[in-house]
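The values are calculated or read from the model by the stated rules, or taken from the named source; none is laboratory data. Predicted, not measured: the structure shown is a model, and the values here were computed from it. Note that each Cβ is placed from the backbone with ideal geometry, even for glycine, and that neighbours are counted across all protein chains shown. Each accessible area value is taken on the protein alone, full model and side chains, heavy atoms only, with ligands, DNA and RNA left out. Shrake-Rupley method; radii C 1.70, N 1.55, O 1.52, S 1.80 Å.
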Amino acid sequence: AQSVTQPDIHITVSEGASLELRCNYSYGATPYLFWYVQSPGQGLQLLLKYFSGDTLVQGIKGFEAEFKRSQSSFNLRKPSVHWSDAAEYFCAVGARRISNFGNEKLTFGTGTRLTIIP
Amino acid sequence: NAGVMQNPRHLVRRRGQEARLRCSPMKGHSHVYWYRQLPEEGLKFMVYLQKENIIDESGMPKERFSAEFPKEGPSILRIQQVVRGDSAAYFCASSPPGTIVNEQFFGPGTRLTVL
């Protein structure tokens, strides 16, 4: 069964500083990987996804993530954070279903809460 | 194209009552997923449905919980005889039909409070 670990429960960075949120996954084959962001009281918005190909993935709002198979990691990065980036960030892994249906549930990490200080 | 819609956004029930949560997927999406988020935790998969079919219910509690996605109308997550431990945010997601993993589009969630 797949699993996701986000080792940092809470991270605080200064506005304008760089950011890296860690994500490690466990899965027996090539995973499908996602980063979602959740603002307080809101649903989840997809930041970026990795299915195959280039291991450096660009997303919305200036975020990027790099898939490293050897480290089973998919860390999220942003070169310069803005106060509006304060939110909860979730890494998720999905599996390809061996059937006609194709789609599969997502397994989420426990999230990293990002606080931005002036 | 409207996003995934969930209602109600907030639901308060007393112990022993029933809770019914509704989810309307995005237009053209035939796959619906329900997730539960307990306070200070990530989302946990509950059930995956297509029209009139339950595909994967491995995350559903064995008792009191049921889900459906009828041919017409929204998907419904039903919780019978609610208990305080059912208090959580329940998120619905949808994705279009296909043979590869598609991204899932999430609704705003229903926050259930059991008194």
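Here is a yes/no grid of residues against (1) surrounded by fewer than 15 Cβ atoms within 10 Å (Cβ to Cβ); (2) away from every other protein chain (no Cβ under 14 Å):
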residue	(1), (2)
B:S58	yes, no
B:F69	no, no
B:S75	no, yes
B:F91	no, no
B:P97	yes, no
B:R111	no, no
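Hey, which of the strands (runs of 3 or more DSSP E) in region B:34-115, taking only ones fully inside, have at least 1 residues that are under 17 Å from A:K105 (Cα atoms) and not polar (S, T, N, Q)?
B:43-50, B:53-56, B:65-68, B:75-79, B:88-95
Being more than 7 Å from chain A (Cβ to nearest Cβ) and either open to solvent by less than 20 Å² (accessible area, probe 1.4 Å) or of a type in the set (S, T, N, Q) (or both) is the filter here; which residues of region B:32-49 pass it?
Scanning region B:32-49 gives B:V32, B:W34, B:Y35, B:Q37, B:M46, B:V47, B:L49.
Considering (1) facing chain A (nearest Cβ under 9 Å); (2) modelled with pLDDT under 95, say which one B:Q6 fails and leave the rest.
Failing condition for B:Q6: (2).
Open to solvent by 70 Å² or more (accessible area, probe 1.4 Å), at negative phi, at the interface with chain A (Cβ under 9 Å from one of its Cβ atoms) and of a type outside the set (S, T, Y), is that true of B:K27?
no
Out of B:F106, B:F65, I need the residue that is hydrophobic (A, V, I, L, M, F, W, C) and within 14 Å of chain A (Cβ to nearest Cβ). Which one? Before you say what the answer is, go through the steps one by one.
On the way: B:F65 fails: within 14 Å of chain A (Cβ to nearest Cβ).
Being hydrophobic (A, V, I, L, M, F, W, C) and within 14 Å of chain A (Cβ to nearest Cβ) holds for just one of B:F106, B:F65, which is B:F106.
Of all strands (runs of 3 or more DSSP E) completely enclosed by region A:26-118, which ones contain at least 2 residues that are without any contact (Cβ under 8 Å) to a residue 40 or more places away in the chain and more than 14 Å from chain B (Cβ to nearest Cβ)?
Answer list for region A:26-118: A:56-58, A:64-68.
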